[in-house]
Amino acid sequence: MWLEVDIEHRLTAAGQVFDLHAALQFTQRKVVLFGPSGAGKSLTLKAIAGLLKPTRGHIRLLDRTLFSSESGVHLPPQQRRIGYVFQDYALFPHLTLRQNVAFGVTRGWRNAKRGDRLEGVEKWLQALRIDHVADALPHQLSGGQRQRTALARALVTEPQALLLDEPFAALDHHLRAHLRSTLDQVLDEAGIPLLLITHDPEDVEVFGQQVVRMADGHVVP
Amino acid sequence: MASADPEGTRLDWSALTLSLKVAGWATAINLVLGVSLGALLARHRFPGRELLDSLLTLPMVLPPTVLGYYLLVVIGRNGPLGAWLQSSFGINLVFTWQAAVIAAAIASLPLVFKPARAAFEGVDSQLEQAARTLGVTEMAVFFRVSLPLAWRGILAGLLLAFARAMGEFGATMMVAGSIPGRTQTLSIAIYEAVQAGQDDKANMLVVLTSVVCIVVLLVAARLVGHRQRELRDVA
């Protein structure tokens, strides 16, 4: 088991109350969290990455406790070593694609310079076949190129696990099948565990070694 | 008509350089103070947040004389800060150019922190979250993501604040007075020249001030316009 999640969280917005209770145990390397929008999938993903602090429960990744309300552990996202690919990729609009990929492996208070060439960065740019557009800004790229940039940016930091939030939802329909197989191939080679959330059954078919269904904030058997 | 004597001309330039010095320092202070406060108010929720925002906006709506009076109460010989500075360091701020800097900085602070807050709020917080998941420190998130994306809005505010600081009159008059060559800024020199009936001198100073302010506004408009075009390109 590489990831164990058992968290409770209550959200109140505009008088509405949403209760999340996610109890998940991931044993296979490729896991899909499947369910309609509003099921609590994104909240769960954010809690795992440390972008949200659950009210109660615990999260364990491999041999590390990332969160535990009992022992007061709440690691900041910086220390979790989890790659996160956002639904709309969240690329830094002021940085070139190469600078975006170099972001996590550049220390200090300044971004990598446009001319900087880092070995790990170049390797991933080539592996994801985006090296020919590496000097472009994100808004100049196609959806597929942006997605692969977000993926490279996460993978170059050598995370222990990868979280993907609806990675194909922002793409044209005819591109999805092709990009699914590309992504699957790259992630198989990288060999890191991944958790993908989606409401698209076709994603389940490709990535779902293990499938967990969620609805209304709960895991559905 | 009074003729411009050599003595007068020398003083005119000293008023301009003093105004530039005071406005420069005030803007530098607001670069740090206004930007930090803008970031704080945009990204952190704490009790009294909107009250703090209102208090910091006060200098924009209060009569400058009221601002000057408050400042005298604080930094004057009997004020808490003034008494402490006097007893600890033997420093008296009142009637110095440093007092003019403080007056100009406070008067122009809202023009920096307001746009700074708006600019930071305009930065997609998901980008900051993405930076965190990539393992960089909070300071790096600020300097590598938030600040570069909010920068143009902040810069426009800084230029407006510089122009406002150049024009500061009321509060400066009260805390720094009007000592030629030492605390007599452009706007105060104009007032003094008109009072003394030195029309030529007043005319020159007025034109000088207008030119400096127009240049600043043109630069600000250019930066803001550039930002809007950039955003259109992205959209």
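Backbone N atoms of region A:185-209 closer than 16 Å to the 7 Å Cα→Cβ label point of A:Gln160 belong to residues A:192-195.
Considering only A:Val5, B:Val61, B:Ile106, and ranking their Cα positions along the charge dipole of the protein assembly as shown that arises from unit charges at the beta-carbon of Lys, Arg, Asp and Glu, the one farthest toward the positive end is B:Ile106. Remark on region B:6-234: Rg and Dmax equal 20.0, 67 Å (Cα only). Dipole size of region B:6-234 about its Cα centre, with +1 on Lys/Arg Cβ and -1 on Asp/Glu Cβ: approximately 440 debye, rounded to the nearest 20.
Among DSSP beta bridges whose residues both lie in the protein assembly as shown, state the antiparallel percentage, nearest 5. The antiparallel fraction comes to roughly 60 percent.
Averaged over its residues, how many other protein chain Cβ atoms are within 10 Å of peptide A:72-84's Cβ atoms? Let's see the in-between values first.
Numbers: counts 0, 0, 0, 0, 4, 7, 10, 1, 3, 2, 2, 3, 5.
Mean number of neighbouring Cβ atoms from other chains: 3.
For region B:104-152, what percent of Cα pairs sit more than 14 Å apart? Taking all Cα-Cα pairs of region B:104-152, the fraction more than 14 Å apart is 55 percent.
Could you tell me what a quarter of the Cα convex hull surface of the protein assembly as shown works out to, in nm² with one decimal place? Could you put the intermediate results ahead of the total?
On the way: hull surface 113.4 nm².
Averaging across all directions leaves 28.4 nm² for the Cα convex hull.
Need the full-extension length gain, A:Gln185 to A:His74, defined as separation in residues times 0.36 nm minus the C-alpha distance. One decimal, nm. Spell out each step's value before the answer.
Numbers: separation 111, 0.36 × 111 = 39.96 nm, distance 3.34 nm.
Net length gain for the segment: 36.6 nm.
When a/c reaches 1.5 or more, the comparison of a/b and b/c decides; with that in mind, is region A:67-200 rounded, prolate or oblate per its Cα gyration tensor?
On the way: a/c = 1.72, a/b = 1.12, b/c = 1.54.
Oblate is the answer for region A:67-200, as a/c is 1.5 or above yet b/c matches or exceeds a/b.
Given q = 0.19 Å⁻¹, what are the Debye log10 I(q)/I(0) values for region B:23-70, with equal point scatterers placed on the Cα positions and solvent ignored? Treating every Cα as an identical point scatterer, log10 I(q)/I(0) equals -0.76. Here the spin labels are modelled as points 7 Å beyond Cα on the Cα-Cβ line, and at A:Asp135 and A:His174 they lie 3.1 nm apart.
Put simply, when A:113-124, A:154-165 are sorted by average Cβ atoms within 10 angstrom per residue, most first, you get A:154-165, A:113-124.
This model, with +1 at the C-beta of Lys and Arg and -1 at the C-beta of Asp and Glu, gives chain A a dipole about its Cα centre of some 740 debye. Shielding of peptide A:156-162 by partners, expressed as the average count of other chain Cβ atoms within 10 Å per residue Cβ, is 1.
Inter-chain Cβ neighbour count for B:121-133, averaged per residue, equals 6 (cutoff 10 Å, partner chain atoms only). The convex hull defined by the C-alpha atoms of region A:70-128 has an orientation-averaged projected area of 6.0 nm².
Could you work out the relative contact order of chain A? I mean the mean sequence separation of Cα pairs under 8 Å and 6+ apart, divided by the number of residues, in percent. Mind showing how you got there, number by number?
Details: 414 pairs, mean separation 69.1, N = 221.
With pairs under 8 Å counted, the relative contact order is 31 percent.
About the Cα centre of the protein assembly as shown, how large is the charge dipole given +1 on each Lys and Arg Cβ and -1 on each Asp and Glu Cβ? Please answer in debye to the nearest 20. Walk me through the numbers before you get to the answer.
Numbers: 43 positive and 39 negative charges, 116 e Å.
It works out to roughly 560 debye.
Please give me, ordered by residue number, the trypsin sites (Lys or Arg not before Pro) of region B:6-115 that lie in loop per DSSP and have at most 11 other Cβ atoms within 10 Å. Here the trypsin sites (Lys or Arg not before Pro) that fit, given the DSSP loop and packing criteria, are B:Arg45.
Take the Cα of A:Gln209, step 7 Å toward its Cβ, do the same at B:Leu62, and the gap between the two points is 6.5 nm. Reducing region A:81-126 and region B:105-163 to their Cα centroids gives an inter-centroid distance of 21 Å. Counting every C-alpha pair in region B:115-233, the share spaced more than 25 angstrom apart comes to 47%.
All of the numbers you see were taken from the coordinates with simple rules; none came from a lab. None of these values were measured; they are calculated from a predicted model. When we count neighbours, we look across all protein chains shown, and the Cβ atoms used for this are built from the backbone with ideal geometry, even at glycine.
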